[in-house]
Amino acid sequence: MPAPNPHWVLVNAPLYGNFIVSQVYLVDGGDQMSCDYWRYCGFDGNLCGCCGGTLTDCPAGSIMSPTGWVGTCRHPVDGKDYIIAYRDCCGKEYCGRCACHGDKGDLPIYRTQLDNEVLWCFGVKSGWAVNCTTAVNLGVKS
């Protein structure tokens with residue numbers, strides 16, 4: 001077995017009485033509830049995980065914005081760059097917890113799709129209020 005890697009987790013589960021099965025899982029590169037999490041390099045908002053949602057899903061009572069911005073973030077384990085789509089969850093009061101701001105690759109307003117300062121809830125019938133922001137991994141940058 002290779003030397004322990006801090007990004008791998010060893011899980012022991014009992015199987016058939018006294019036998020133990022070990023499984024190794026790749027951890028997704030850090031704590032999703034921390035502003036230092038790798039997917040948040042271009043993030044600006046409140047983490048949906050602190051507001052009743054998840055990394056990729058809005059909390060109940062809010063609606064994902066139809067548009068958003070993108071960032072390119074490096075995964076700390078595999079060293080690859082990934083395209084991350086950031087989309088606000090709209091129509092529910094401001095969450096105010098776990099506010100994070102990452103500006104890697106952020107460009108001025110003339111490149112709107114790369115600007116994290118825009119209120120992306122326009123076009124949502126439930127209102128302009130931003131509750132929190134998601135960070136969806138779209139895949140490896142080619």
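At pLDDT below 90 and crowded, with 16+ Cβ neighbours inside 10 Å: which single residue out of 38, 69 fits that description? Can you show your working first?
Working: 38 fails: at pLDDT below 90.
None of the others qualify; the one that does is 69.
Of the conditions (1) surrounded by fewer than 14 Cβ atoms within 10 Å (Cβ to Cβ); (2) at pLDDT 95 or above; (3) of a type in the set (Asp, Glu), residue 57 fails just one. Which one is it?
If we test residue 57 against (1) surrounded by fewer than 14 Cβ atoms within 10 Å (Cβ to Cβ); (2) at pLDDT 95 or above; (3) of a type in the set (Asp, Glu), just (1) comes out false.
When the residues of segment 78-114 are narrowed to those that are at pLDDT below 60 and out of contact with any Leu (no Cβ under 6 Å at 6 or more places or on another chain), which ends up surrounded by the most Cβ atoms within 10 Å (Cβ to Cβ)?
To start, the set of residues in segment 78-114 that are at pLDDT below 60 comprises 105-114.
From what is left, the residues that are out of contact with any Leu (no Cβ under 6 Å at 6 or more places or on another chain) are 105-106, 108-113.
On the way: 105: 16, 106: 18, 108: 9, 109: 9, 110: 7, 111: 11, 112: 13, 113: 10.
If we take residues in segment 78-114 being at pLDDT below 60 and out of contact with any Leu (no Cβ under 6 Å at 6 or more places or on another chain), then 106 is surrounded by the most Cβ atoms within 10 Å (Cβ to Cβ).
The values are calculated or read from the model by the stated rules, or taken from the named source; none is laboratory data. Bear in mind that the values here come from a model prediction, so they are computed numbers and not experimental data. Cβ coordinates were reconstructed from backbone atoms using ideal geometry, including for glycine residues, and neighbour counts include every protein chain displayed.
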